[in-house]
Amino acid sequence: MFLRHVSRRDFILVLLGAACFYTFSALSSPRKSSLLNNGLGYNEQTLTAIQTVTTTETKTAFPPVQTHVDLGLAQDFLETSLVAHAPGWTIFRNLYMANGTLLIVTSDPSQFPEPRMMTSTGLPGNLTNDAQRMPTAKEMDFVTPQEAKTRWGGGIDGRHRVSTVEGTTLLFNDPPQFLNHYFHFVAELMFGSWAFLYGAFHDQTAKPPASAEPSFNLPLISNSVPTIDRAIFIHSDVEGWRDAPGFNGYFVRAVFPSMTVEVETDWLDRIKATANTEIRRAWHFPLALLTDRSAAFRGPITGAYTQRTAAEPWMIMAKAKKIDLIGNWWASMRSALVRYAGGEVHEDLSPELQLPETVVITYINRQGTRRHLLEEDNRALIAAMEDLVERKNRIEDGPRWEFNNVHAEQLSLDEQIRFAAKTTIMLGVHGNGLTHLVLAKPNRLSAVVELFIPGGFARDYEWTSRSLGITHYSVWFNESFTHPHEPEWPDYPEGFHGPSIPVDGPFVAKLIEEHVAAREKGVLADNSPVNDQH
Ligand SMILES: *[C@@H]1O[C@H](CO)[C@@H](O)[C@H](O)[C@H]1NC(C)=O
Ligand SMILES: *[C@@H]1O[C@H](CO)[C@@H](O)[C@H](O)[C@H]1NC(C)=O
Ligand SMILES: *[C@@H]1O[C@H](CO)[C@@H](O)[C@H](O)[C@H]1NC(C)=O
């Protein structure tokens, strides 16, 4: 009687139909990269598998709405497949979880990257606990379809107890260590997630899905990237993914107003529900993006070059030309946030960077925080900027110039986002405030000018700027350098985090003036990270 809605034959036909929706081009070829020592002791082997969905898909395609397929009666479980993989970033179809273990149902585990390139034990990273962060079969395991049937197969009523967690799930495996920080959350976790999802699913020809319910939200620019239904912070509590100024929560609600957030406690509920030996329950994730910081650092681009976890997924998609090099792929996030903050959205999405009407220099002033400029140099810098802008505005037929001296800690989040959104040139001492660079729509004149103590360098904003097509300059008092002339490794000399960073204000004004003049003449720097020798 339980089979009255669907015969087994119908069910198999449905499955076959679903399988035909997706054509995978499997290019998975494990290759040894050269021995890379990133100071964290990783010997890297990377797998640059990228398997990309090549056909359009609509969320309603499977299972067909009308057929009332009851998967609880299926004898065979849907096998796991890879949509895309970069170290630390993996998009799966049909991933399972039971008792805290992520389970890949497959008869051929060699189709998948090694678990250490996908996940970890989720412990906070430090220089000495490499081994403790290596995943074991408790974190991730392979199960053959036959074993899956034995474990979860039908009970006396013919019904198994696998529950589908419907829609698209982001599985974030990181502890709070880096989650609770605006830069790492927005410019790494969200940046990398969207680069990967957009790269894997964006299809220019896709038509907007018919809207089922009224919604005040503007659709994200891509019609074919699946809606993100939930994020699960596996190793973080409610506070662990929130930063002190409140940007992370703001970002998530502004950009994904319908996304549900689950944390460690919720994951423990799901673990407890599947720890039982009496009823063998399991969870099924039809589409999931799993990210893991430790696994990303096992990849060469993050671990041995950028130290940016987002660089692994970005690079794979950029090299495959699945995302552009001027940040149009990121426009959905940027414009949703700016619109939410009450700012003006200018997203023409032309395939080339445009000349702006106004050159807006935004100085992220850190004098009220720990790491900052010598006060005298701060005043001279502001005076040099005001002088530059005044001089430029005396020219009749050029663009207008504007200078904003922004003390982020004195502004609301809305105000900060509105300033960031209209910025052409962002200027400031190395620090979290520069994360706002991801909110500015890149144009021909865009630049980030980052002030370090002489000798100091970090790639956080350097890599992030270039990945959006924005030129980045590092300044050491009265010297500057830009890619590819930066130091190979980050360096935090004494005074890096201190209150006495010197800068030659007139030098910075001249740098900006020359940058804008060169770009106006049409000199464009091709310094995208996609061209880096890594
Ligand atoms: C590194 O992390 C491990 C836990 O994974 C901890 O036992 C150890 O004390 C930490 N070491 C340092 C130097 O913080
Ligand atoms: C669930 O995991 C716990 C701890 O790892 C283990 O002791 C228990 O036997 C597992 N239960 C099942 C059903 O596998
Ligand atoms: C840069 O500053 C140093 C230290 O004040 C000075 O000796 C040097 O001449 C300056 N260089 C230029 C090109 O102005």
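Quick one: if you stick a label point 7 Å off each Cα along the C-beta vector at Glu488 and Asp269, how many nm between them?
Each label point is offset 7 Å from its Cα along the Cβ direction, giving 5.1 nm.
Using amide H atoms built in the peptide plane, which far-off residues or other-chain residues are under 5 Å from Phe142 H to H?
Those lying under 5 Å, H to H, from Phe142 are Ile104.
Radius of gyration and Dmax for region 172-323's Cα atoms, expressed in Å?
For region 172-323, the Cα radius of gyration and maximum Cα-Cα distance read 17.0, 49 Å.
Could you please put Thr424, Thr358 in sequence from largest to smallest accessible area, using a 1.4 Å probe?
Largest accessible area first, the residues go Thr358, Thr424.
Find the centroid of the Cα atoms in region 358-400 and in region 416-465, then give the distance between the two in whole Å.
Here the answer is 14 Å between Cα centres.
Could you point to the residue in Gly505, Leu381, Met317 farthest towards the positive end of the chain's charge dipole, with +1 and -1 charges on the Cβ of Lys/Arg and Asp/Glu respectively?
Towards the positive end, the residue furthest out is Met317.
Given a Förster radius of 56 Å and the C-beta distance between Glu513 and Arg159 as r, what FRET efficiency does 1/(1 + (r/R0)^6) yield to the nearest 0.05?
The formula returns an efficiency of 0.20 here.
Excluding same-chain residues fewer than 8 positions from Lys272, which aspartates and glutamates have a Cα within less than 20 Å of its Cα?
Candidates past the 8-residue exclusion: Glu139, Asp141, Glu166, Asp237, Glu262, Glu264.
What does DSSP give for the chain in terms of the percent of beta bridges that are antiparallel, rounded to the nearest 5?
35 percent
Which one, Ala273, Phe496, Val438, projects farthest toward the positive side of the charge dipole computed for the chain from Cβ point charges (K/R +1, D/E -1)?
My answer, from the dipole projection, is Ala273.
How large is log10 I(q)/I(0) at q = 0.10, 0.14 Å⁻¹ when the Debye formula is applied to the Cα atoms of region 335-531, each weighted equally and without solvent?
Log10 of I(q)/I(0), two decimals: -0.38, -0.78.
Among DSSP bridges having both ends in region 375-491, what percentage is antiparallel? Round to the nearest 5.
35 percent
May I ask you to evaluate 6.51 cos²θ - 1.76 cosθ + 1.60, the Karplus curve with θ = phi - 60°, for each residue of region 70-80 and list the ³J(HN,Hα) values in order in whole Hz, giving x for glycine and proline?
9, 5, x, 9, 5, 8, 10, 7, 5, 6, 6
So, with +1 on the Cβ of K and R and -1 on the Cβ of D and E, and no other charges, what is the size of the charge dipole of region 289-355 about its Cα centre, to the nearest 20 debye?
In debye, rounded to 20, region 289-355 gives about 340.
Given +1 on the Cβ of Lys and Arg, -1 on the Cβ of Asp and Glu, and no further charges, what dipole in debye does the chain carry about its Cα centre, rounded to the nearest 20?
The dipole magnitude comes to about 1580 debye.
Quick one: how many lysine pairs does region 335-531 have with C-alpha atoms less than 20 Å apart and a gap of 8 or more or different chains? Give me the count, please.
5
In region 335-531, what % of DSSP beta bridges are antiparallel (nearest 5)?
20 percent
log10 I(q)/I(0), Debye, Cα-only region 290-350, no solvent, q = 0.22, 0.29 Å⁻¹?
-0.88, -1.08
Where in the chain lies the longest segment free of GluC sites (Glu not before Pro) that are both loop residues by DSSP (not H, G, I, E, B) and have at most 14 other Cβ atoms within 10 Å?
1-165
Name the longest site-free stretch of the chain, where the excluded sites are trypsin sites (Lys or Arg not before Pro) in a DSSP loop with no more than 11 other beta-carbon atoms within 10 Å.
By the stated rule (loop sites, at most 11 other Cβ atoms within 10 Å), 139-320.
Round to a whole number: what % of the accessible area of region 212-295 belongs to carbon and sulfur, probe 1.4 Å?
Taking all protein chains in place, region 212-295 shows 54 percent carbon and sulfur surface.
What is the local net charge at Val429, summed over the other residues whose Cβ is closer than 9 Å to its Cβ (Lys, Arg +1; Asp, Glu -1)?
+1
Hey, what angle do you get for helix 331-340 against the long axis of the chain, alpha-carbon based, 0 to 90 degrees rounded to 10?
Orientation of helix 331-340: about 70 degrees from the principal axis.
Please report, in Å, the Rg and the Dmax of the chain, where both are computed over Cα atoms only.
Expressed in Å, the Cα Rg and Dmax of the chain come to 24.8, 85.
Where nothing but the Cβ of Lys and Arg (+1) and of Asp and Glu (-1) is charged, how large is the charge dipole of region 335-531 around its Cα centre, in debye to the nearest 20?
For region 335-531, the charge dipole is close to 280 debye.
Tell me the mean residue ellipticity at 222 nm calculated for the chain from its helices only (DSSP H runs of n ≥ 4, each -39500 (n - 2.57), averaged over every residue, nearest 500).
So the calculated ellipticity at 222 nm is -7500 deg cm²/dmol.
The values are calculated or read from the model by the stated rules, or taken from the named source; none is laboratory data. Computed from a predicted structure; not experimentally measured. Backbone-built Cβ (ideal geometry, glycine too); neighbour counts: all protein chains shown. Side chains are part of the model used for accessible areas, which takes the heavy atoms of the whole protein and leaves out ligands, DNA and RNA. Shrake-Rupley method; radii C 1.70, N 1.55, O 1.52, S 1.80 Å.
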